[in-house]
Amino acid sequence: MVSYFTGFERIKAFLKTLSSSGIRDNCLIVNLPGSVKGSVECFSTISQTLRHAVQLLRGRNDHGSSLTSKSKVSTSNVADRPRESEWPMIPVAESQDIVMRNILVSTKEEVPISLNLFGRVVASDVSSVDPLPPFRASIKDGYAVLSSDGKGSRKVLKSLTAGMSAGGDLVLSNGECVRVNTGGPLPTNADAVVQVEDTKLLKSSSDGEEIEIEITTAPKPGQDIRPVGNDIGLNEIVLNKGDPITPIELGLLATIGITNVPVFRLPKVSVLSTGNEVVEPGVELRPGSIRDSNRITLLSLLRGHHFPTYDLGIAKDEPDDLLSHLIKGLESSDIILTTGGVSMGERDYLKAVITEDLRATIHFARVNMKPGKPTTFATCCWNGKMKMLFCLPGNPASATVSFHLYVLPALRAIAGFQEPFPKTITVRLGFDIKKLDVRPEYRRVILDWNQSDGIPLAKTTGDQISSRLMSWREANCLLILPSNTEVKSEIKKDELLKGLIVGPI
């Protein structure tokens, strides 16, 4: 006989299978036996059900979706849907400012030094714990000498090579020298290094050891010696708060022996595609369906900028399905990024779901830009934590433009970057624009830097229709075009415009 339970009844049934366990403040407590053998056997027995028990505590069903993911949004009376958007259309600059005023609070964490630090931002000043070099070191392969001896013959005492202990109590007398290698330590009183090229061999032993050499050029005090702390001083600030970590910074951290690095935490982003017509790339197309390109494009953009991601898959244009997917995203990430379902279509329920079911605050839902007018930004509190939701248009070119204008700057700001927005440069138009749009436009172009005046030439990527992802092929710049006015309705080739760098140059 199989019994079915719900909620805490199911958790209690689960706990009866354990020798000693309980629940306190939604925390599952399991007490295993003291012996290693007993602990391993008991844990092996319960391991397959622990995940299910935790899901029950978090209010989920067997499929991982919320037990309360029944949407309040009505799908009836399509004829009564609004014919005009209730949201005012605001300028891009204003909408970007709204996003930046509502970003999540940046938090810090310590991360062990590794390649995983690449692309992160330092959260507090990092200082050296040792000077570099920690001893007086030779700059050249040659001989440590007393400069006061000038030119002439020297007796070779021994060799101090890199990696050996410092010269210690070794002291040179007049007429003596020590063979040294680059980076090697020096005798206590040596005040110069003479490179091999400025010496001659006078005498050697039968086994090939140098006994006596001639210094052909008079050395100067301090010649070819790196003093203690010459590169990095003791307690010197090596990295400042806000510095991005590149390969050079990683090398510096390794140099000064820092094993744990304070960095800003990276926000985790869930990506969701929506639409009844949207199918996975490997699915054979049926009439009226399209393959999902947005999700993999946005996931790869996020990972290319080192942000952790969670793939929410595809949600149908049904309030219950949308809500279920959104709840998964809220539970697993800090920010949700969706595409589709934000325009004026009869099945565009996304904004209603996030306001009515998630009680989110929509800060804007229309922007005066092309492409990307329906771009929507909202925030909500979930399990006591603030979350951000970027609901982008479904057309691929639009979604990617909005990503660079809103999503990526917000993520970079949270991650500690002091300049989160794309860099703006001056470019020369490489083609005629015969008619400007009524909205400011962001055209995808390719920059050609092989120009005599140093100003890059903007080359078109072809048709700029918002559905055409090919307009992003090889594009590394968004050309900012003004709106059509009575004063200016077209732009001629060779005019200077502003552009945003959004790809490798």
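The values are calculated or read from the model by the stated rules, or taken from the named source; none is laboratory data. Predicted model, so just to flag it, every value in this text is computed and none were measured. Cβ coordinates were reconstructed from backbone atoms using ideal geometry, including for glycine residues, and neighbour counts include every protein chain displayed. What goes into the accessible areas is simple: the full protein's heavy atoms, side chains included, and nothing from ligands, DNA or RNA. Shrake-Rupley method; radii C 1.70, N 1.55, O 1.52, S 1.80 Å.
In table form, for the structure just shown:
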{"read-out": "Per-residue [θ]222 nm for the chain (sum of -39500 (n - 2.57) over DSSP H runs n ≥ 4, rounded to 500)", "value": "-5500 deg cm²/dmol"}
{"read-out": "Accessible area expressed per residue, the stretch 411-457, with surrounding protein chains retained (probe 1.4 Å, Å²)", "value": "52 Å²"}
{"read-out": "Helix 92-101 axis, angle to the chain major axis (alpha carbon atoms, nearest 10°)", "value": "70 degrees"}
{"read-out": "The chain: angle of helix 36-57 to the longest principal axis, Cα-based, in degrees nearest 10", "value": "50 degrees"}
{"read-out": "Surface accessible to a 1.4 Å probe, per residue, for the residues of the stretch 332-381, Å²", "value": "30 Å²"}
{"read-out": "Straight-distance crosslink candidates among aspartates and glutamates, where the alpha carbon sits under 20 Å from K151 and sequence neighbours closer than 8 are dropped", "value": "D141, E176, D191, E197, D198, E210, E212, E214, D224"}
{"read-out": "Beta bridges by DSSP in the chain, antiparallel share as percent, to the nearest 5", "value": "70 percent"}
{"read-out": "Three-way shape call for the stretch 442-505 based on the alpha-carbon gyration tensor, with the a/c threshold at 1.5", "value": "oblate"}
{"read-out": "Area projected by the alpha carbon convex hull of the stretch 292-348, averaged over all directions, nm²", "value": "4.2 nm²"}
{"read-out": "Descending semi-axes in whole angstrom, ellipsoid equivalent of the stretch 377-505, from the Cα gyration tensor", "value": "30, 18, 13"}
{"read-out": "Dipole moment magnitude, nearest 20 debye, the chain about Cα centre, only Lys, Arg, Asp, Glu C-beta charged", "value": "1340 debye"}
{"read-out": "Cα-centred dipole magnitude for the stretch 206-245, charges only on beta-carbon of K, R (+1) and D, E (-1), debye, nearest 20", "value": "500 debye"}
{"read-out": "Of C380, N116, S293, farthest towards positive along the dipole that unit charges on Lys, Arg, Asp, Glu beta carbons give the chain", "value": "C380"}
{"read-out": "Acute angle (nearest 10 degrees) that the helix 294-304 long axis makes with the longest principal axis of the chain, alpha-carbon atoms", "value": "20 degrees"}
{"read-out": "Pairwise centroid distance, computed over Cα atoms, of the stretch 106-161 with the stretch 170-217, Å", "value": "22 Å"}
{"read-out": "Listed residues P371, A475, T107: farthest to the positive end of the dipole of the chain (Cβ charges)", "value": "P371"}
{"read-out": "Pairs from K158/K200; K72/K316; K328/K373; K328/K351 whose Cα-Cα separation, in the structure shown, is over 21 Å", "value": "K328/K373"}
{"read-out": "Residue-span extension gain [N484 to D311] - 0.36 nm each, minus C-alpha spacing", "value": "58.3 nm"}
{"read-out": "Relative packing of 288-300, 194-206, which averages over residues the other C-beta atoms within 10 Å, highest first", "value": "288-300, 194-206"}
{"read-out": "The stretch 360-436, accessible surface, carbon-and-sulfur percent (1.4 angstrom probe)", "value": "47 percent"}
{"read-out": "Summed side-chain charge close to C391 - residues other than C391 whose Cβ falls under 11 Å, Lys, Arg +1, Asp, Glu -1", "value": "0"}
{"read-out": "For the chain, convex hull volume per residue from C-alpha positions, Å³", "value": "287 Å³"}
{"read-out": "For the chain: relative contact order, % (alpha-carbon pairs under 8 angstrom, 6 or more apart)", "value": "14 percent"}
{"read-out": "12 Å Cα-Cα reach of K459 towards aspartates and glutamates, excluding residues that sit fewer than 8 places from it in its own chain", "value": "D432, D448, E474, D494"}
{"read-out": "The stretch 198-248 - Rg (one decimal) and Dmax (whole number), Cα, Å", "value": "21.1, 61"}
{"read-out": "Positive-end extreme of charge dipole, the chain - chosen from L330, V92, L157 (charges on Cβ)", "value": "L330"}
